[in-house]
1. Go through (1) within 14 Å of chain A (Cβ to nearest Cβ); (2) over 16 Å from B:Arg28 (Cβ atoms) for B:Ala224 and report which single condition fails.
2. Among (1) in contact with a Leu (Cβ under 9 Å, 6 or more places away or on another chain); (2) within 24 Å of B:Ala200 (Cβ to Cβ); (3) at pLDDT below 90, where does B:Arg60 come up short?
3. Answer with yes or no whether A:Ser94 is buried (at least 22 other Cβ atoms within 10 Å of the Cβ), closer than 27 Å to A:Tyr243 by Cα and not hydrophobic (A, V, I, L, M, F, W, C).
4. Determine the pairs where a residue that is under 16 Å from B:Thr217 (Cα atoms), located within segment B:243-271, has a partner that is of a type in the set (S, T, N, Q) and at pLDDT 85 or above with Cβ atoms under 8 Å apart, the partner being 6 or more residues away or on another chain.
5. Inside segment A:304-359, can you point out the residues that are assigned to a loop (DSSP other than H, G, I, E, B), surrounded by 17 or more Cβ atoms within 10 Å (Cβ to Cβ) and at pLDDT 90 or above?
6. Given the condition exposed (fewer than 14 other Cβ atoms within 10 Å of the Cβ), among the hydrophobic types (A, V, I, L, M, F, W, C) and not assigned by TED's automatic domain parsing to the domain that holds A:Tyr246, answer yes or no: does some residue in segment A:187-197 qualify?
7. Give all pairs with beta carbons closer than 7 Å in which a residue from segment B:179-200 that is of a type in the set (D, E, K, R) meets a residue that is part of a loop (DSSP other than H, G, I, E, B); count only pairs at least 6 apart in sequence or on separate chains.
8. Might you check whether a residue that is away from every other protein chain (no Cβ under 14 Å), under 28 Å from A:Tyr147 (Cα atoms) and of a type outside the set (A, V, I, L, M, F, W, C) occurs anywhere in segment A:278-285?
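The values are calculated or read from the model by the stated rules, or taken from the named source; none is laboratory data. Please read these numbers as outputs of a predicted model, since none were measured by experiment. In this analysis, Cβ positions are derived from the backbone assuming ideal geometry, glycine residues included, and neighbour counts consider all displayed protein chains.
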Amino acid sequence: MRIGIAGAGLCGRLLAWQLARQGHSVTLFDRDSGAGEQSAGLIAAAMLAPYSESLRAGNKVFQLGCRALRQWQGLLSLLCHDSGVKVELRHSGSIAVAHRADALELDDMSRRLQALPAVDLQRPYWLSASELRAAEPELDNFERGLYLPGEGCLDNRALFAALGQAIDKAGGRWRRQQQVETVGAGFIRSGGASHRFDYVFDCRGFGAGTDLRELRGVRGELLWVRATEVKLSRPVRLMHPRYQIYIAPKPDHFYVVGATEIESESLAPITVRSALELQSALYTLHTGFAEAEIVQASSQCRPAFEDNLPRIYQAEGLMRVNGLYRHGYLLGPTLVARALALFENRAVDPGNGSLEEAIKVIPA
Amino acid sequence: MSENKNSRVRDSDANDTWTVYGQTLHSRLLLGTALYPSPAVMAAAIEASGAEVITVSLRRQAPASGGGNNLWDMIRQLGKQLLPNTAGCRNAREAIALAHMSRELFATDWIKLEVIGDDYNLQPDPFELLKAAEQLRRDGFAVFPYCTDDLVLCQRLVDVGCEVLMPWGAPIGTGLGLLNPYALATLQHRLPEVPKIIDAGLGRPSHACQAMEAGATAVLLNTAVAQAAQPVSMAEGFKLAVAAGRAGFCSGAISARPTANPSTPVTGTPFWHQQ
């Protein structure tokens with residue numbers, strides 16, 4: 001089948017790769033150069049944090065998120081086979097800490113996590129000062145931490161590159177630097193020209209707003225820094241009454257600190273206030289960040305619907321896959337699997353029927 | 001429901017209105033729109049609370065560079081009176097500028113004036129607040145000043161034309177409840193004609209009930225509802241608590257007494273049972 005995919009972010013790439021390796025003729029429209037420079041998924045910290053995210057997102061996202069780690073392990077090993085690129089996936093848990101004045105925030109987090117439904121993952125537990133030091137020797141200005149088993153993050157820069165290569169190898173075609181104007185049943189319009197396909201996927205994220213009026217953008221800002229004096233092996237979340245800032249380690253001494261969350265569709269550069277907040281979080285977590293290089297300061301809009309859950313809009317010859325909000329890596333594999341199953345008229349994972357309903361499928 | 005015979009209570013509820021800047025309101029619960037798990041939950045919580053006035057914040061939304069999003073449209077569609085705030089402003093100049101921007105954006109001259117003096121506990125700066133309130137009243141705004149419970153500050157705010165006061169119960173987001181009932185009683189005693197909306201620091205429905213029982217005109221909440229594990233039922237809980245407190249205030253509570261005063265005569269009780 002001739003398939004057009006609009007948007008080469010996380011969703012578009014995963015779909016293009018899967019469909020191309022099934023033998024479909026896939027064309028991927030990318031507004032960037034192929035590296036995903038403007039994708040929310042490339043800029044993001046790529047956290048897999050079902051416990052931490054459950055605090056706001058609730059039980060269903062938590063339960064779906066708990067499967068993400070296993071899903072990514074499967075996807076990454078297949079991707080390594082296809083592309084030859086090994087993408088790093090850290091999954092030795094994450095640690096939440098708080099400064100003494102904000103100790104209550106951590107107690108509150110612990111209390112709320114204990115109320116979650118039982119899952120395969122081990123329950124969160126407290127680390128004493130010495131246990132914290134044993135796990136992360138450089139977190140030495142905190143008296144305790146809350147350990148969140150099974151959480152982690154993946155190297156999304158390597159992932160984007162590997163998916164690009166795997167799509168190439170599977171025979172997928174790219175239309176780079178192609179701003180898509182609109183996507184409809186069986187066509188993608190770009191640069192004033194209409195391109196016809198047997199089937200079209202709209203994976204433009206926030207960029208799909210012109211065709212999906214229910215979609216809103218939620219601005220996020222974050223920093224990529226390189227800190228040679230800092231050695232953290234796990235993502236760390238700093239709890240605070242007003243911010244929840246996480247610091248995710250990446251290969252080669254890179255760290256991502258983020259992210260603000262502002263109900264705004266402004267794509268303007270990061271503000272001084274946000275930069276100060278993120279940098280204060282870094283510095284108070286570990287003074288070694290004082291000499292870190294700020295490699296990149298980014299702002300982007302996460303695509304979200306009113307319930308902050310992803311959705312699929314389906315019509316003859318068209319599927320719009322969107323609304324991953326701040327859960328691209330946590331829910332992306334589930335969303336893509338659901339989209340593929342619908343495309344093939346296959347029932348999904350009957351054992352988890354109720355969970356799958358967290359992703360609404362709406363006739364377009 | 002209208003054919004319900006037992007409508008005496010509801011009738012008196014319906015007549016129990018209050019007025020601020022010429023607008024008559026029935027609900028005594030005002031709700032904020034920040035920090036909810038999702039816009040859908042926010043809308044449901046506002047509905048459950050019965051609030052007629054909801055606050056909106058735009059300080060960080062970068063309105064000048066095309067900010068805002070369809071969350072604002074959703075908020076507008078709820079059909080409530082909007083009360084934009086100046087959260088995040090640090091001095092009178094910033095607050096005044098943001099108030100003018102809000103008036104254009106939300107087409108209302110209502111403004112909840114917040115000028116923060118301390119970054120950590122978000123305590124209001126009384127000096128800058130008074131300055132901003134005076135200017136904004138001159139500029140034709142209906143100013144709702146978020147203030148501490150200091151009598152002299154509140155008197156000065158009234159002097160510059162504020163027709164309502166929003167003293168805190170406790171610092172924003174702490175959920176500590178009324179930290180200083182004495183100060184609120186003083187405000188009630190000295191400024192009885194001025195509506196007082198207890199703003200900030202309430203964590204539980206019982207806190208709202210206590211504030212209303214002490215004579216507050218209304219309460220304003222955000223964190224206590226938005227960050228509850230179940231925001232929608234918590235909104236309902238606060239609605240009931242506000243109504244309970246209000247009924248308590250209006251109905252002449254009995255005085256507390258140090259000894260029991262049984263309502264059933266004990267004349268027939270054998271004396272050895274009264275030891």
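1. All conditions pass for B:Ala224, except number (2).
2. It is condition (1) that B:Arg60 fails.
3. Yes; evaluated as a whole, the condition is true for this residue.
4. Close Cβ pairs (under 8 Å, with a partner that is of a type in the set (S, T, N, Q) and at pLDDT 85 or above) amount to B:Gly245/B:Gln210.
5. Matches in segment A:304-359: A:Phe305, A:Glu306, A:Asp307, A:Asn308, A:Leu309, A:Pro310, A:Gly323, A:Leu324, A:Tyr325, A:Arg326, A:His327.
6. Among the residues of segment A:187-197, at least one is exposed (fewer than 14 other Cβ atoms within 10 Å of the Cβ), among the hydrophobic types (A, V, I, L, M, F, W, C) and not assigned by TED's automatic domain parsing to the domain that holds A:Tyr246, which makes the answer yes.
7. Close Cβ pairs (under 7 Å, with a partner that is part of a loop (DSSP other than H, G, I, E, B)) amount to B:Lys196/B:Ala216; B:Lys196/B:Thr217; B:Asp199/B:Trp168.
8. Within segment A:278-285, one or more residues are away from every other protein chain (no Cβ under 14 Å), under 28 Å from A:Tyr147 (Cα atoms) and of a type outside the set (A, V, I, L, M, F, W, C).
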